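Notes for the one structure printed next.
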Amino acid sequence: MKLIPSRKTPAERTGEMTVVEHLQELRRRIIICVWAVAISGIAAWFLYGPFKNALRKPYCDFVAQNPQNASTNGCDLVVTGPIDPMMVKLKIVLFIAIAIALPILLYQLWAFIVPGLTSREKKWSIPFVLTSFFLFVVGALFAYYTLPRALGFLLGFAGPGVVSLLTFDRYVSFVMLVALAFGLSFLLPILLVFLELVGVVSPQWLSKNRRYAIFLIFLFAAIITPSSDPYTMTAMAVPMYLLYEAAIIVGRLAKRGQRAAEAG
């Protein structure tokens, strides 16, 4: 018996699916995502070394600029348990695998949200995936390049006489959380443009409520940043606001395009 259909059913093509069919579709999408991450994990295993060195670089830059705050280990990270190296390596490999498979994961998410794709919705599939992937990567890279100054603020907060001795596990977790937080925050315009296209909000409504959006953006940045320091919070909030304005502009252009298409 074939449990995972390879093609869309007539119900899926018309957008009319029962609860059971939705669950079957969700199961199929999840299996595809798991296979995508598993296959990407093979390449991620060989990328572990360069990626680990890249993760250490922000801390090494901080140590080079602030040698008085560093321990005798320099910028080497320490482990406190015999299984810590293995667990951290698996964590990094999984992170890399998800990053490699992200376009597939985003497409599966889009395909599940709109299973009955019309010709108009199909037109937005590839731009949605490519733009989401691009913005997520830009957000993660932005977080990466702001890390040395954020570490300078956090590790130097206690003042002189205190040196840093970072464990491998906690440092990697911190960097990944910051990169994930920035990557997700940079997806804000995608969400807003999607809501504009389906008619939930309008560009005029977003423009009218700009002051509330600024407050919520800074509140969101203060909550989601793992370190909660003002430098990282501001570094996240300012690009989010600029992306908010970009979403208003894109929404207006999309609305004009829709009106032109309907008039034609």
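The values are calculated or read from the model by the stated rules, or taken from the named source; none is laboratory data. Quick caveat: nothing in here was measured; it's all calculated off a predicted structure. Every residue, glycine as well, gets a Cβ built from its backbone with ideal geometry; the counts of neighbours run over all protein chains shown.
Scan the helices (runs of 4 or more DSSP H) fully inside the stretch 140-251 and keep the ones with 3 or more residues being of a type in the set (V, I, T) and within 30 Å of W124 (Cβ to Cβ).
By residue number, 210-224.
Can you find, within the stretch 3-54, the residue that is modelled with the lowest pLDDT among those that are in a helix (DSSP H, G or I) and of a type in the set (S, T, Y)?
Among those residues, the one meeting the criterion is T14.
Exactly one condition in (1) modelled with pLDDT of 85 or more; (2) closer than 27 Å to V172 by Cβ is not met by A70; state its number.
The one condition A70 does not meet is (1).
What are the pairs, 6+ residues apart or on separate chains, where a residue within the stretch 89-110 that is over 29 Å from R170 (Cβ atoms) and among the aliphatic types (A, V, I, L, M) has its Cβ under 6 Å from a residue that is crowded, with 20+ Cβ neighbours inside 10 Å and modelled with pLDDT under 90?
Here the result reads L106/V129; L106/S132, each pair linking the stretch 89-110 to a residue that is crowded, with 20+ Cβ neighbours inside 10 Å and modelled with pLDDT under 90.
Could you pull out the residue among L151, L206, L135 that is buried (at least 19 other Cβ atoms within 10 Å of the Cβ), outside the structural domain of K57 (by TED's automatic domain parsing) and out of contact with any His (no Cβ under 6 Å at 6 or more places or on another chain)?
Answer to the selection: L206.
Considering only residues of the stretch 167-177 that are within 19 Å of A97 (Cβ to Cβ) and not acidic (D, E), which is surrounded by the most Cβ atoms within 10 Å (Cβ to Cβ)?
It comes out as V175.
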